[in-house]
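One structure below.
The values are calculated or read from the model by the stated rules, or taken from the named source; none is laboratory data. These numbers come from a predicted model, not from an experiment. Glycine also receives a Cβ, built like all others from the backbone with ideal geometry; neighbour counts cover every protein chain displayed. In case anyone asks, the SASA skips ligands and DNA or RNA and just uses the protein heavy atoms, side chains included. Shrake-Rupley method; radii C 1.70, N 1.55, O 1.52, S 1.80 Å.
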Amino acid sequence: MMNMLNKENSTVSRAWEATLRKTHAAKKRANSIFGTIALANATATNTTTTTTTTTSINAVQDNDKNCTISEAAYFTEKILPNGEYYKGQWCDNFPEGQGKYYWIDGCMYVGEWHKGKTMGRGRFRWPSGATYEGELKSGYMDGTGTYVGSNGDTYKGQWVMNLKHGNGIEYYANGDWYEGEWRRGLRYGIGKYQWHNKNHYDGEWKNGVIHGNGCFVWINGDQYDGCWEDGMPKGNGTYQLSDGSFYVGYWSKEENEQNGTYHPSESSSNDVEWDPKIVYNQLADCKISPGEKVPILPSQKKLAISYSSNNAEKSRRPSIDGRGSLVLERPFDKMNLWGENDNDFNSFEMSRQLDCEFYGVNPAESNYKFNPLLPLKVPKPGNRQGEKISVGHKNYELMLNLQLGIRHSVGRPAPPTSLDLKASAFDPKEKTWTRFPPEGSKYTPPHQSCEFKWKDYTPVVFRSLRKLFKVDPADYMLSICGNDALRELSSPGKSGSFFYLTDDDIYMIKTMKKAEVKVFLKMLAAYYNHVRSFENSLVIKYYGLHCVKVTGAIQRKVRFIIMGNLLRSEYTIHTRFDLKGSSLGRVTNKPESEINSTTILKDLDLNFIFKLQKAWFHKFCWQINRDCEFLEQVRTMDYSLLVGLHFREISSNGELIPCEKRDPRNESSSLHSRSTSDQLLLDLERQANMVLGANMPARVERTIRKPEYELQLVGEQTGEYYKVILSFGIIDILQDYDITKKLEHAYKSIQYDPTSISAVDPKLYSKRFRDFIFKAFTEDT
């Protein structure tokens, strides 16, 4: 697939560059550069060409290049080799001026042409009977026009790039109508919708549904005036009945959120409390007509026009009797259908539409991963992660035990820590047990929890690691053991482990199985030497390994490891990716409406390429290679690169603002997380002290997947860039390639492509991981 795409890109690029080069050299040599359409008899080429008049045009102005062309334009009638038909003015191998074109699928266009593109006013008719009459630009319905669907739906108003955009009115076949503002083909802004039963709504719309402030009036005289969300009342509003009674308050479909007061009128016959559910039931029957979709876009129609090969005999100008010589032909390159001037690409929306054409994507496709026409939006903010562990929580005593143990381990006196450790310090048997009775002991304070035992694994090693990572013991204890409680994440990980976050989000605590503890202790010496040797290592930092053993009637052991929270940042993390380089099951099974800033997206959700500055990109590649060599050495797999993105430029409506694509009219409404000059200076100071993987300024380029290649890990580049702050690091490094993973690999290899599954040999896993990461991260040139 990639070879085919590269080939197509290469062909298009060469054709584009050649056209620009030749046009710039000399327009007067247009015949020899582009060739001339052959005028031949039917027996020779099955093409009938009738020239009725010849008009000499000298000094034709080329609007795209602002230069003069000496060329002959003439009226012609052509039956093309594939059976399509053109009748009208012709110049420079293209329809030019007024003309009519019939496609073999039954589509027809009558109107103005410029250099082979529908340009100006015209009428496009579909085989279904649908028609568009109005303005076109570069092959697109663009300007003011009227579309009449095959079912009778009629829209009259403004268009941009084949989409209703601006002010317009649409009448639907069922009797409904809408008049107001449109955006990208959807009702968006202020507008009025009236149903065939005379109910009507007048107010704000968003993405095709009622959203914002507005008034809904029923034919019986009842009306609701207030806030709306996704087509239903949500927020403050007033419902007034025709008898003068009214209900005012906060509206919501959720009964526990609904809160208001009913005020009956003197003439009201309803003495009981009025139920707001009546309104929601009534609105459920008020369906918004979706309207008829355009069957095929005019800009998707190609012309079956050919031009002469360079190797063919130079064709002659048509003579008075209309005869000409036969020439060899090759297919018309589709780039010429879009124009050959960079000015055709001066519109950001134009570029996105052309992406749709190139990738074969329907602009009506609603998934932003497949449709470059859809603007990217920042995910909605998620709630703060985790449930606070307070009195009454099932793990409240466990949290107290953990905090008591940490205070004991970190706070007790110890000899000065050296970074040069003896081999005996890494011995798995190097551990200490401490008993914590409720009444206290010589070494432990009294506490209100049950009696428990506390185990420290290799305490000297972890004390050295904390020193190596520049962790202050007092700050460490304050984060984990301070007055603020830990937060338990709502769901355990895939491994069955539970995660806890400190209140300041600096540290994460993960419960571990006995087998995982053994794996970690086995690799601890190699891990220590690696992070000591490579200060910029992206491997996650570990600060302690402990165990709580609850004594008494119910005995249990809980082992846990304390590690750094990679995505803890002073910048808001808008999007998170967990990247492995495998495709099987690597997609987030959530509807787009449920995805928020805390959702962890996976490989097949990735819609960006990360662009790092040259020096940092080289450091990144070098460090990834060193880290993967270490992980190969300790025989682990199933690790991933966790990436957090903070988007630096977001519009007031939540859309991401591409680099150098900002609309000056919207500058004041842009949301900048660092708005003051003092903060900007602080950002510049941070750049001087920047660390690989932590709050790195960078750019990302949007990518698009073809719908038929949903499993491709890295999509096609679009040239659409966004400024971001990146945080990233390698996590989940404690899974060794044990018998369980080997069996998983063998079983899944029977059902799926062995290269697509996560459980593979560590050496193969490392290679696949690096190959993918070096495609997802590139140098910003």
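Observations, loosely collected:
- Ordering of 760-772, 723-735 by packing [mean C-beta count within 10 Å, highest first]: 723-735, 760-772
- Three principal axis extents of the range 126-266 based on alpha-carbon atoms, in descending order, are 60, 25, 20 Å.
- Count of lysine pairs in the range 126-266 with Cα separation under 26 Å (8 or more residues apart, or interchain): 18
- Heavy atoms of GLU181 accessible to a 1.4 Å probe, total area in Å² rounded to 10: 70
- Tensor-based shape of the range 375-565 (alpha-carbon gyration tensor, a/c under 1.5 rounded, otherwise prolate or oblate): oblate
- Counting Lys and Arg as +1 and Asp and Glu as -1 over every other residue whose Cβ lies under 15 Å from the Cβ of GLY291, the net charge comes to +2.
- ASP578 accessible area, 1.4 Å probe, all protein chains in place, Å² to nearest 10: 20
- Extension gain from ASP420 to SER150, taking 0.36 nm per residue of separation minus the Cα-Cα distance: 89.1 nm
- Peptides 480-488, 633-641 ordered by packing proxy, namely the average of other Cβ atoms within 10 Å per residue, highest first: 633-641, 480-488.
- Theoretical gain in end-to-end length, HIS393 to MET232 [0.36 nm per residue, Cα-Cα removed]: 54.3 nm
- Spin-label model distance (nm) - ASP427 vs ILE219, 7 Å beyond Cα toward Cβ: 9.1
- The packing ranking, built from the mean of other Cβ atoms within 10 Å per residue, places the peptides 698-704, 295-301 in the order 698-704, 295-301, highest first.
- Solvent-accessible area per residue for the range 126-266 (1.4 angstrom probe, square angstrom): 45
- Heavy-atom accessible surface of the range 375-565: percent carbon and sulfur, 1.4 Å: 53
- Fully extended contour minus Cα-Cα distance, from GLU451 to HIS618, at 0.36 nm per residue: 54.8 nm
- With the simple spin-label model, which puts each label point 7 Å out from Cα in the Cβ direction, the LYS293 to SER265 separation comes to 4.6 nm.
- Label positions at GLN282 and SER128, each projected 7 Å from the Cα along the C-beta direction, are separated by 3.5 nm.
- Distance-filtered residues of the range 141-163 - backbone nitrogen under 20 Å, label point 7 angstrom along HIS196 Cα→Cβ: 148-156
- At 0.890 mPa s and 25 °C, Stokes diffusion of the range 373-488 via Kirkwood alpha-carbon radius, µm² per second: 145
- FRET efficiency for VAL587 and THR781, using Cβ-Cβ distance with R0 set to 30 Å, rounded to 0.05: 0.50
- Rounded Å value of the spacing that divides the Cα centres of the range 407-475 and the range 96-163: 77
- Charged neighbours of PHE246, selected by a Cβ distance under 11 Å, balance to -3 (K, R count +1; D, E count -1).
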